[in-house]
Every structure is written in C-alpha cells, then in structure tokens.
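Working notes, beginning with the structure itself.
The values are calculated or read from the model by the stated rules, or taken from the named source; none is laboratory data. From a predicted model like this one, the values you see are computed outputs, not experimental measurements. Here the Cβ positions follow ideal geometry from the backbone for every residue, glycine too, while neighbour counts run over all protein chains shown. The area values use the complete protein model at the heavy-atom level, side chains included, leaving out ligands, DNA and RNA. Shrake-Rupley method; radii C 1.70, N 1.55, O 1.52, S 1.80 Å.
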Amino acid sequence: MDPFVLLLISLLVVVGSIIWLRLPAFISLIAAALIVGLLTPDSALEAVAQARGMQAGELVKQGIGGRLTTAFGNTCGK
C-alpha cells in the first residue's frame, strides 16, 4: 500500500476519533498506530529490517503489538 494512503488513513483515524468519537488523543494515536500496523505490507517491513541491519523476517515475526511497544519504548527512552 502506498505510504501516503497509510498517512491519510492514520490522519483520518486520529482526527475522526478525537472530533466525532470524543476519544482522548493518546487512545486515538494508539488506534491509528494499530491500524497502520495492520495495513503495512510485509514487504515494507522486510525493507525496513534490512535497512536497520536486522534479519529479513524479524519484524514480520514480531507482530503488531511487539513492534508498537518497542517503538513506543524507544521513543520514551530518547
């Protein structure tokens, strides 16, 4: 899937859940991250893994929850 389409979907999820569903921003961002994680093709994950020097299937095997918590932890750690 095109990255710009994923970006548009995530923006719609965040803005829509904040404005129309009146959810807190943190929950809206987590929901958008989960949706983007579900829609991201395995080929894109393999390309990111190779760019980071990881094994090709390592990110695909990790699952959405694992990737999300790892990225959130890395962001909080910085």
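Summary of computed values
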item	result
Extreme residue, nearest to residue 6 (Cα to Cα), among residues of the stretch 39-50 that are open to solvent by 50 Å² or more (accessible area, probe 1.4 Å) and touching a residue at least 12 places away in the same chain (Cβ under 8 Å)	39
Test for residue 29: is it assigned to a helix (DSSP H, G or I) and of a type outside the set (Val, Ile, Thr)	yes
Boolean, residue 44 is at pLDDT below 90 and within 19 Å of residue 11 (Cβ to Cβ)	yes
Inter-residue pairs, beta-carbon under 9 Å, first of a type outside the set (Val, Ile, Thr) and in the stretch 11-38, second open to solvent by 90 Å² or more (accessible area, probe 1.4 Å) and part of a loop (DSSP other than H, G, I, E, B), 6+ apart	28/21
Residues that are surrounded by 11 or more Cβ atoms within 10 Å (Cβ to Cβ) and closer than 17 Å to residue 3 by Cβ, drawn from the stretch 51-78	59, 67, 71
